[in-house]
Amino acid sequence: MLERKTVDHVARLARLELSDAEKDKMAVELSQILGHIEAIRQLDLEGVEPTSHVVDIVNALRADVPHASLPRAVALASAPDPTDSGFGVPSPGASAE
Amino acid sequence: MSAVLLDLTAAAAAAAVKAGELDPAELHELYRGRAAADQLNAFSWVAPEAGADDFKRDTPLAGVPLGVKDLFCTEGVPTQSGSKILEGYRPPYTATVVEKLFDAGATLLGKTNQDEFAMGSSNENCAFGPVFNPWDPTRVPGGSSGGSAAAVAGGLVPWALGTDTGGSIRQPAAFCGIVGLKPTYGSCSRYGMIAFASSLDQAGPLTRDVTDSALLFSHMVGQDANDSTSLAFPEEIRLPTAHDLKGIRIGVPEELLGAEGGIDPGVRASFEATLELARKLGATVTPCQLPHAPHALSAYYIIAPAEASANLARFDGVRYGLRVDGDGDLTSMYSRTRAAGFGPEVKRRIMLGTYALSSGYYDAYYGTAQRVRTKIADDFKTAFADVDFIVTPTAPSTAFELGAKSADPLAMYLNDFCTVPMSLAGIPAISIPSGLSEGLPVGFQLAGPAFSENRLLNAAFALESAIGFDGSPARGGVAK
């Protein structure tokens, strides 16, 4: 069973504010899922290369040719707090960790 | 006339337009009316009335209307990936595959509902509410492309686009009695698809028959400078013509039909009957081995949430969608926005993925899952040395009742037991309806090696003709 402090830690890493009830439920559900997944840790995988991607491509690069990007006003159109120069956000200062 | 029009497949409708026998505006208006009056909650947005000049008649797709899963970006048209966190979002650009289909003459009829960020197998995890199965509205349409599948099966659109990460095209196609193709990873551009798990996500068609599937897919493939994981498809996609399976070797993997898969008896019976039809068409059917396939689900439920936890980091209340103020600082704004914007399943997977990637657990979970992925891909390569296709039931059951599995995430995940192995291996697989079990459609899945789509579509076409499934829920889907 996942400990409550682990759930707290992971929620903080994920920038997800969870209520106490959500955290309690999450601890139970994640433990059940991880318990099921646990079986693969018993497999003999010595010397097996990990697969991060199935496509046989390495470093696909496009030609280094300039092309138009989105106009600033269009890029900012969906922002909750657009400013003249970019995306407005609250001060990060108070939340330095 | 409208009943006759509704019976036309998309390919037949396109041919009728090109022959001058059908006005695409009439077809569009017919479907638009049906989509707007939708009782299945299949659509999140329906296009306004189109002008006569909006139809590209002299094109391969001849103006035939298309449903597009919500997660494909469509310029100026609401795109939320089924999530509250993208409330009000209208993208400034259109996804490459959608653009390609517009260029080929498709007309956008609407955006279809889905599980939030494509995470789900029932379409119940949706900010716009659940979608209902046209065969029985007390049941789910499958997910995550449930809106697309329900809309096609319910006659609300001739065909639709979906995406498949672990079964999200194939399983809803099976539950709704239609055809769903998950292509080879990399064959269609992912540019403009709101990402779930980048190494697995793939766009594909949901259609009434295999010919429509081939036609839509043929206009989706291609390398894209905006997706560095896309590939040039090595051959042209052709419309299927096969009428038999002579010389075709079909493998049945015992591992996926065993106890852990929990295949329902009715699904098993339809599967066995389809194998018998395949033999009659000239195929040889033999057992084959995929020793690591039973572990695919575990590997998938580490890899997909891990990738999702990274992909969904972008939803932070800064550039688009919802923002909920915190305590005046940045981090609490992020955390509250994400708390308010994401639904329970998305939160669960973000937590699972973040945990699997966190310091101290990375190699034990993510590293192990990636090694299992290698073994699964190797299993398929070994099996395809002896067989042309591997077949399974698409899902262990037919469509289940709304709410039946929503309290038990593990039971829900088991829906993907037969579809996830192919996703991890990046190979193509198609689900076709094989008949009914207690009045509900059953899906039959065929998988082939990477880039075998032409052969796969041909085999599916031959089987489809032999099965003779009637895909109309209104007529009860009785096979001829």
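The values are calculated or read from the model by the stated rules, or taken from the named source; none is laboratory data. Owing to the predicted nature of the structure, the values given are computational and were not obtained by experimental measurement. Backbone-built Cβ (ideal geometry, glycine too); neighbour counts: all protein chains shown.
Being surrounded by 10 or more Cβ atoms within 10 Å (Cβ to Cβ) and more than 8 Å from every other protein chain (Cβ to nearest Cβ) narrows it down to one of A:ARG72, A:ARG15, so name that one.
Of the residues listed, the single one that is surrounded by 10 or more Cβ atoms within 10 Å (Cβ to Cβ) and more than 8 Å from every other protein chain (Cβ to nearest Cβ) is A:ARG72.
Which residue pairs have Cβ atoms under 6 Å apart, sit 6 or more places apart or on different chains, and have a first residue in region B:78-93 that is assigned by TED's automatic domain parsing to the domain that holds B:ASN113 and a second that is of a type in the set (Ser, Thr, Tyr) and buried (at least 24 other Cβ atoms within 10 Å of the Cβ)?
Pairs found: B:TYR89/B:THR79; B:TYR89/B:TYR320; B:PRO91/B:THR79.
Kindly establish whether A:GLU29 is free of Cβ contacts under 8 Å to residues at least 40 places away in the same chain, surrounded by 15 or more Cβ atoms within 10 Å (Cβ to Cβ), in contact with a helix residue (DSSP H, G or I) (Cβ under 7 Å, 6 or more places away or on another chain) and under 12 Å from B:ARG348 (Cβ atoms). Before you say what the answer is, go through the steps one by one.
Values: free of Cβ contacts under 8 Å to residues at least 40 places away in the same chain: yes; surrounded by 15 or more Cβ atoms within 10 Å (Cβ to Cβ): yes; in contact with a helix residue (DSSP H, G or I) (Cβ under 7 Å, 6 or more places away or on another chain): yes; under 12 Å from B:ARG348 (Cβ atoms): yes.
Spelling it out, A:GLU29 is indeed free of Cβ contacts under 8 Å to residues at least 40 places away in the same chain, surrounded by 15 or more Cβ atoms within 10 Å (Cβ to Cβ), in contact with a helix residue (DSSP H, G or I) (Cβ under 7 Å, 6 or more places away or on another chain) and under 12 Å from B:ARG348 (Cβ atoms).
Only residues that are of a type outside the set (Phe, Trp, Tyr), modelled with pLDDT of 95 or more and either touching a Cys at 6+ places or on another chain (Cβ under 6 Å) or farther than 26 Å from A:ARG72 by Cβ (or both): list them for region B:298-330, please.
Of everything in region B:298-330, those that are of a type outside the set (Phe, Trp, Tyr), modelled with pLDDT of 95 or more and either touching a Cys at 6+ places or on another chain (Cβ under 6 Å) or farther than 26 Å from A:ARG72 by Cβ (or both) turn out to be B:SER298, B:ALA299, B:ILE302, B:ILE303, B:ALA304, B:PRO305, B:ALA306, B:GLU307, B:ALA308, B:SER309, B:ALA310.
When you go through (1) surrounded by fewer than 19 Cβ atoms within 10 Å (Cβ to Cβ); (2) closer than 22 Å to B:HIS295 by Cβ; (3) at pLDDT 95 or above one by one for B:GLY468, which number turns out not to apply?
(2)
Can you spot a residue in region B:34-52 that is among the basic types (Lys, Arg) and out of contact with any Ser or Thr (no Cβ under 8 Å at 6 or more places or on another chain)?
Our first condition is that a residue be among the basic types (Lys, Arg); within region B:34-52, this holds for B:34.
Of the ones still in play, those that are also out of contact with any Ser or Thr (no Cβ under 8 Å at 6 or more places or on another chain) are B:34.
Taking every residue of region B:34-52 in turn, at least one turns out to be among the basic types (Lys, Arg) and out of contact with any Ser or Thr (no Cβ under 8 Å at 6 or more places or on another chain).
I need every pair where a residue in region B:344-358 that is touching a residue at least 24 places away in the same chain (Cβ under 8 Å) has its Cβ under 6 Å from the Cβ of a residue that is of a type in the set (D, E, K, R), sequence separation at least 6 or different chains.
That search, which allows pairs on different chains as well, returns B:VAL346/B:GLU116.
For region B:108-212, which fully contained strands (runs of 3 or more DSSP E) count at least 1 residues that are polar (S, T, N, Q)?
Numbers: elements: B:159-164, B:179-182, B:202-207.
By residue number, B:159-164, B:202-207.
For region B:367-465, please list each of the helices (runs of 4 or more DSSP H) lying entirely inside it that holds at least 2 residues being within 14 Å of chain A (Cβ to nearest Cβ) and in contact with a His (Cβ under 6 Å, 6 or more places away or on another chain). Step through it out loud before you land on a result.
Working: elements: B:368-383, B:409-413, B:420-425.
The helices (runs of 4 or more DSSP H) meeting that bar are B:368-383.
Suppose the filter is surrounded by fewer than 20 Cβ atoms within 10 Å (Cβ to Cβ) and among the small types (Gly, Ala, Ser); does B:ALA411 pass it?
Numbers: surrounded by fewer than 20 Cβ atoms within 10 Å (Cβ to Cβ): yes; among the small types (Gly, Ala, Ser): yes.
Criteria met by B:ALA411.
Can you pull out the helices (runs of 4 or more DSSP H) entirely within chain A that have at least 3 residues that are basic (Lys, Arg)?
A:4-13
All but one of (1) at the interface with chain B (Cβ under 7 Å from one of its Cβ atoms); (2) of a type in the set (Ser, Thr, Tyr); (3) over 21 Å from B:ARG323 (Cβ atoms) hold for A:SER91; which doesn't?
Looking at each condition in turn, A:SER91 falls short on (3).
Filter region B:308-354 down to the residues that are in a loop (DSSP other than H, G, I, E, B), more than 8 Å from chain A (Cβ to nearest Cβ) and buried (at least 20 other Cβ atoms within 10 Å of the Cβ) and list them by number. Walk me through how you get there before you give the answer.
Here is the first cut: in region B:308-354, the ones in a loop (DSSP other than H, G, I, E, B) are B:315-328, B:342-343.
Among the residues that remain, those that are also more than 8 Å from chain A (Cβ to nearest Cβ) are: B:315, B:324, B:343.
B:PHE315, B:GLY343, listed by residue number.
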